[in-house]
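Engineer: Once you've had a glance at the structure underneath, I'll fire off some questions.
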Amino acid sequence: MTTSVDRKITARSSQTGFTLIETVVSMLIVGTMLVAAMSTVGASRYTQFKTSCDNRGRLLAELLMAEILRQEYQEPDGTATFGRETGETGATRESFDDVDDYHSWSSSPPTNKDGMAISSLDGWQRSVTVVWVDPLNVAQAQSTETNAKRITVTATHDNIPVATLVAIKTTAGL
């Protein structure tokens, strides 16, 4: 015969609850999922930063290249010499009137043509090289006039090249 006390003990032992092992396993699963979620968020943020950085670098290079390509092939009002002529300083680009005036020019942070720094671009730099090239092989630099110049504009962020653009300017205006 079963007493009421025996029934209470039996009822209590049949109640379900979390054991220590179940709790630990649950915590491991939740912890693993949290780490995976945080890794995914971190990778997503890095990708967004990298894309933004690449786009900004490309835009900075394109703006400067467009400015350079609007210039004459060679000095329009005087003796054609390679590089900057008298009165053309690197402080501003306002006096630059031909593409080779930009040779060896750089700016950090990037500036407008009037020399004013473009805001929010700390850590960025733009640089330009201009060389004479063989018109039949633009990869081949030349030491004398060839009627073709290769212009290379590079945008860097924290000393890492982000975007490089190359264009050819000729005496024919191409």
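The values are calculated or read from the model by the stated rules, or taken from the named source; none is laboratory data. If you're wondering where the values come from, they're calculated on a predicted model, not measured in any experiment. In this analysis, Cβ positions are derived from the backbone assuming ideal geometry, glycine residues included, and neighbour counts consider all displayed protein chains.
Engineer: Being among the polar types (S, T, N, Q) and modelled with pLDDT of 90 or more, is that true of even one residue in segment 157-168?
Structural biologist: Here is the first cut: in segment 157-168, the ones among the polar types (S, T, N, Q) are 159, 164.
Those left that are additionally modelled with pLDDT of 90 or more: 159, 164.
Yes, segment 157-168 contains at least one residue that is among the polar types (S, T, N, Q) and modelled with pLDDT of 90 or more.
Engineer: Could you grab me the full set of residues in segment 63-82 that are loosely packed, with under 13 Cβ neighbours inside 10 Å, part of a loop (DSSP other than H, G, I, E, B) and small (Gly, Ala, Ser)?
Structural biologist: GLY78 - this is the single residue of segment 63-82 that is loosely packed, with under 13 Cβ neighbours inside 10 Å, part of a loop (DSSP other than H, G, I, E, B) and small (Gly, Ala, Ser).
Engineer: Continuing with this model, one more query. Determine whether ARG84 is under 17 Å from the mean Cα position of the chain (by Cα) and charged (D, E, K, R).
Structural biologist: no
Engineer: Tell me yes or no: at least one residue of segment 39-48 is modelled with pLDDT under 90 and under 18 Å from LEU121 (Cα atoms).
Structural biologist: Checked segment 39-48: at least one residue is modelled with pLDDT under 90 and under 18 Å from LEU121 (Cα atoms).
Engineer: What number of residues in segment 85-107 are modelled with pLDDT of 90 or more and closer than 24 Å to ARG56 by Cβ?
Structural biologist: 5
Engineer: Quick one: is THR32 loosely packed, with under 14 Cβ neighbours inside 10 Å, assigned to a helix (DSSP H, G or I) and either among the charged types (D, E, K, R) or at pLDDT 90 or above (or both)?
Structural biologist: yes
Engineer: Quick check on my filter: what residues within segment 79-110 are β-branched (Val, Ile, Thr) and touching a residue at least 12 places away in the same chain (Cβ under 8 Å)?
Structural biologist: THR92, VAL99
Engineer: To continue, here is another question. Considering segment 114-133 alone, what residues qualify as being surrounded by 13 or more Cβ atoms within 10 Å (Cβ to Cβ) and modelled with pLDDT under 90?
Structural biologist: GLY115, ALA117, ILE118, LEU121
Engineer: Same structure again: Residues that are in contact with a helix residue (DSSP H, G or I) (Cβ under 8 Å, 6 or more places away or on another chain): which strands (runs of 3 or more DSSP E) entirely in segment 100-174 hold 2 or more of them? Reasoning before the result, please.
Structural biologist: Values: elements: 124-134, 137-142, 148-157, 160-170.
Hits in segment 100-174: 124-134, 148-157, 160-170.
Engineer: Sticking with this one: Give me a count of the residues in segment 161-174 that are out of contact with any Ser or Thr (no Cβ under 8 Å at 6 or more places or on another chain) and within 13 Å of ARG58 (Cα to Cα).
Structural biologist: Matching residues across segment 161-174 total 0.
Engineer: All but one of (1) touching a residue at least 24 places away in the same chain (Cβ under 8 Å); (2) surrounded by fewer than 18 Cβ atoms within 10 Å (Cβ to Cβ); (3) polar (S, T, N, Q) hold for THR154, so report the exception by its number.
Structural biologist: (2)
Engineer: Still on this model: Let me confirm something: among SER108, SER95, which residue is farther than 18 Å from ILE168 by Cβ, surrounded by fewer than 18 Cβ atoms within 10 Å (Cβ to Cβ) and more than 21 Å from the chain's Cα centre (by Cα)?
Structural biologist: Working: SER108 fails: more than 21 Å from the chain's Cα centre (by Cα).
One residue alone meets the criteria, SER95.
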